[in-house]
1. Give the shape of region A:159-317 as rounded, prolate or oblate, defined through the alpha-carbon gyration tensor: a ≥ b ≥ c are the square roots of its eigenvalues, a/c under 1.5 means rounded, and otherwise the shape is prolate if a/b is larger than b/c and oblate if not.
2. Can you give the average number of partner chain beta-carbon atoms within 10 Å of each beta-carbon in peptide B:271-284, as a whole number?
3. Hey, which aspartates and glutamates would be in cross-link range of residue A:164, C-alpha to C-alpha under 18 Å, not counting anything within fewer than 8 residues on its own chain?
4. Near residue A:269, which lysines are there with a Cα under 17 Å away, not counting those fewer than 8 places off in the same chain?
5. Does anyone have the angle between helix A:331-344 and the longest principal axis of chain A? Alpha-carbon axes, 0 to 90°, nearest 10?
6. Enter the Cα centre distance for the pair region A:170-232 and region B:291-356, rounded to the nearest angstrom.
7. Take each of the peptides A:258-270, B:300-312, B:111-123, average the number of other beta-carbon atoms within 10 Å over its residues, and list them starting from the highest.
8. Which whole number gives the average count of other chain Cβ atoms within 10 Å of the Cβ atoms across peptide A:223-232?
2 protein chains.
Amino acid sequence: MKKYIERNKERFFDELFSLLRIPSVSSLEQHKPDMQKCAGRLVGLLLEAGADEAAVYPTKGHPVVFGQKTVDPSAPTVLVYGHYDVQPVDPIELWKSDPFEPEIRDGAIYARGANDDKGQLFMHIKAFEFMVREGGLKHNVKFILEGEEEIGSPSLAEWASENKERLAADIILVSDTTMISESVPSINCGMRGLSYVEVKVTGPNKDLHSGHYGGAVANPINVLCDMISSLIDKDGHITVKGFYDDVVELSAEDRAKLSRAPFDMEEYKEFLDIREVKGEAGYTTLERTGIRPCLDVNGIWGGYTGEGAKTVLPSVAHAKISMRLVPNQDSATITRLFTEHFKAIAPDYVKVEVTPHHGGDGFLIPISSPAYKAAEKAMTEVYGMEPVPSRGGGSIPILADLQRILGIDPLLMGFGLERDTIHSPNESYLLKQLFAGMEAIALFYRYY
Amino acid sequence: MKKYIERNKERFFDELFSLLRIPSVSSLEQHKPDMQKCAGRLVGLLLEAGADEAAVYPTKGHPVVFGQKTVDPSAPTVLVYGHYDVQPVDPIELWKSDPFEPEIRDGAIYARGANDDKGQLFMHIKAFEFMVREGGLKHNVKFILEGEEEIGSPSLAEWASENKERLAADIILVSDTTMISESVPSINCGMRGLSYVEVKVTGPNKDLHSGHYGGAVANPINVLCDMISSLIDKDGHITVKGFYDDVVELSAEDRAKLSRAPFDMEEYKEFLDIREVKGEAGYTTLERTGIRPCLDVNGIWGGYTGEGAKTVLPSVAHAKISMRLVPNQDSATITRLFTEHFKAIAPDYVKVEVTPHHGGDGFLIPISSPAYKAAEKAMTEVYGMEPVPSRGGGSIPILADLQRILGIDPLLMGFGLERDTIHSPNESYLLKQLFAGMEAIALFYRYY
């Protein structure tokens, strides 16, 4: 595959850049036409790469792309999952180059989606192309590429239920996660689930002059801060009643195994420019993101946020709050518990609304499976080191759904790095990782 | 004056509306030309009303308007203070009509500035006009109208220091406050001061994926909420170290006198649509806004605030926080104490910046003065009831400065009502109050 990449590099860039230039932000209504456009472009790339068929399928949300090549009906089938939608780009002013005009700087591609997930799914299309043209592909390969991962995949589970036959496979292969570091390859063997809610706290029925009412009427921003502050205690525990009831505590042995992953605290703090880390008492940083649930405010707003000063006592305050879940917490249950708790702690002088956004369950993947072993061998060959089994802190809720609906385990070979700052300004993807990923995936087909 | 109003009503509306149509928002750079325009319009109105001279004077910020009429150098001089700048209009979507296209509905003018303070200063220009033309004006009258009250009057104190002679007078007459209710006239005999700061809490040096880092890295929004929550304890006391050191506690007698002001808790709660009020333990609602300091978050923002969900662990969170002060708290001292306190309580895992906005001291006005007595008599005649001496919760910091610089007491005859929702969408001013104010001011000239 190395030589194939060398020969086709420029074409690869052209093709990937043509995807990155489409602003397929799934959460923003204005980008709806871009979703169609991006899905159409993927169909083209799949067909050019060697798929027998590929098409755009409507869903009740953004469309899915499905394509496949059947080599031998009795051979094992690999189902590649990826998503072509991306996160919003704000704060736009922090980008050093246009998020939708990819640029190569210092050996990396900079663009929204460069890694998550256009760059990573592109590796699969190119590894597939190589296998078809020069690698002697022995597997049947299917692609399911959705446009709603960043908004919680509200449509794919239904589509998958209605298309079980079409999606039938032996393994779901996914590149949408990170490795531990540039020099330490890893394979994700578990991911956290997610509950995501939006809360609204209403005080008086109109914005008030803070001089006339300040001190006598509850300020919904202050109250929201009080309520949020009470959600995590001084030991870093989440105070939502019943929150930990279903959490599976890992055995000492499993914790020891996970702690094999190298981790340099000083490097970590330096990368983030923080003096101290913060999290749940009694757990390491990797455990805090890998095997423990957490709660974060993802956004907050209320009152006057423009330049200068306005002496307003606002009527409402809002926050977006998400909880990362671990096996075997149920996303719907946690969302319900949060909603009940948040309403229960609301003081008499405000009104509280809680609106659920998307969510999904976490999942675990067996390390002993043939697919895991094949991926392990492939990555060892590419990186010269056996990959570490890790537990990803992020969530791909749809994978737990697909696992349940289709009865197929997912395998997460992710090639992203922390430095890629996905979801943030200046998202990037190292060319080294892009090409190493293609090689590892091609080798996976050899060893699987 | 009643008949004069009747005869000139339409012209009055035209003139006032011409002021209200100018979007003189002092806090927004884009409205700089409007400040000049509004100042120019006021010069025209003062000259037409009968001023000997009126002109726009530059300051290091927005210009001031000064005009005067000298009747008899040995007669008492009234200095009218007002401000022609207005608050921003957001949230614009809650306005029922264009904030800068005044509309009369249900007996009130709706526009930004209808009351605060274009409507109220207009009463003074028209009462002056009446006195000049038909009332037999016996006083010298001066007008000082500034364009920076809503941003804390950063330039007027300096201008006043350099123009002490020009501003020499016996009383500063101001209409920029409210009466207790439509049927209960009141005269403000004290106002709160103000400290206003903006805080910025920085966690990691970039926005992070909340799945990869959530639980292990301090989220600056959560930390900001913790810090804000800690600023007020469960009894409603502000926890900033030294905050209450200079607060003058009122005597039981003074508290009893202030409690004469009628107050209907049920009406108050109904007006605001709240189930409960909230404030400092041991004080009534009127005391909480009149004689006690308070702390409010006027704005908060951070992370993703657009539609849908984004799983970001943001790098920074911001808030605008103001404190209303009572005599004899010093605004500069409180700003310093807050800054020290807020930095002291910042945990190791974040960086904190505090930037002061404007501020000003509170003040008290003697009830026994001839000017107060004249205002009392004038309002009694107009409303058929003796006005209640009240303590305003708002702040007009510049008045404390002018009192100090010029050695003249201010007198606050305000005709606004709570229902006017100044600083909020759909600001209005009752025509009844507009005209009653003109009458009362004209009568003040008779009795002073």
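1. prolate
2. Partner Cβ neighbours, averaged per residue: 5.
3. Answer for residue A:164, where 18 Å is the Cα cut-off: A:53, A:146, A:401, A:409, listed by chain and number.
4. Excluding near neighbours in sequence, the set is A:278, B:206, B:351.
5. Approximately 10 degrees, to the nearest ten.
6. 19 Å
7. Put in order of decreasing packing, that is B:111-123, B:300-312, A:258-270.
8. 6
Every number here is computed from the coordinates shown, using simple stated rules; none is lab data. The shown structure was predicted, so the numbers you read here are calculated from the model rather than taken from an experiment. No Cβ is skipped: glycine too gets one built from the backbone with ideal geometry, and neighbour counts run over all protein chains shown.
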